[in-house]
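Since the structure comes first, as structure tokens, the remarks are kept for the end.
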Amino acid sequence: MIFRILIFFLVFCGKDLQSKSSINPSKLIEYNSVEGDINKFFKSLKKVCDKKLFNSLQRHSSYPSLGTTNQWKTVCNKTKTKNLNWSFLTQNFRFYELSDKAGILTGYYEPEIMVSFDKTKTFNVPILKYNKNYDMLERKKIESNFKMEDVLLWTNNKIDLFFLQIQGSGIGTLENKKQIKINYGGNNKKKYSSIGKFLKKKKTNRWRN
């Protein structure tokens, strides 16, 4: 989907940057639901102020154009005592526009699947590491001729594994609730074919289990 979005950043009102790029805060409402997300913003700002900001602020290449250490300490301290609302932002920050061009907004889905280190009656679908010997083989042949040393984990759902392979990475959840990051290791050099396009070509308008 293509959206007309406003990309902006915040600098302190005391900073004298190029005034021609400064925008009226009301313009933000025209393009973004800023007021609706304000609580989430301040929650994130507090976390940054408490843990991350001052450890690396001066080492960043932008320093001090987006605010000095003392300026950030001042505004971080204000978050502890002031009412955190839209007025707080307009009083303490200035908004600058980076782009008003139309663009493509994308999102990334990271699937979560159930996994086990051991093969069981339930967990019997292998998650395999990359092996060049499997290149160009059909999935059916790989699943019937894989080697045990190529098995990273076992899962209980073939469809969940399919979407994990499409996305390229995901989270494996063990039965004890511990989680394992599963990352992309390689591909079989074959062109990707979309299930959606296949169903459309077949004029199928419903999914079947």
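Note on K78 and S65: the model spin-label points, each 7 Å out from Cα along the C-beta direction, lie 2.3 nm apart. Can you give the log10 of the normalised intensity I(q)/I(0) at q = 0.21, 0.24, 0.29 Å⁻¹, computed with Debye over equal Cα scatterers of the range 84-135? Here the Debye-derived log intensity ratios amount to -1.04, -1.03, -1.09. When the convex hull of its Cα atoms is viewed from all sides, the range 112-201 shows a mean projected area of 6.4 nm². Model label sites at K190 and F41, defined 7 Å from Cα along the beta-carbon direction, differ in position by 4.8 nm.
Counting every other Cβ atom within 10 Å of each residue's Cβ, V151, V75, V115 order from fewest to most as V151, V75, V115. In units of the compact-protein estimate 2.2 N^0.38 Å, the range 48-165 shows a Cα radius of gyration of 1.90.
Since every read-out is calculated from the coordinates, none of them should be taken as a lab result. On a predicted model such as this, the values are computed, not experimentally measured, just so you know. Because the Cβ atoms are built from the backbone with ideal geometry, glycine has one as well, and the counts that use them run over all protein chains shown.
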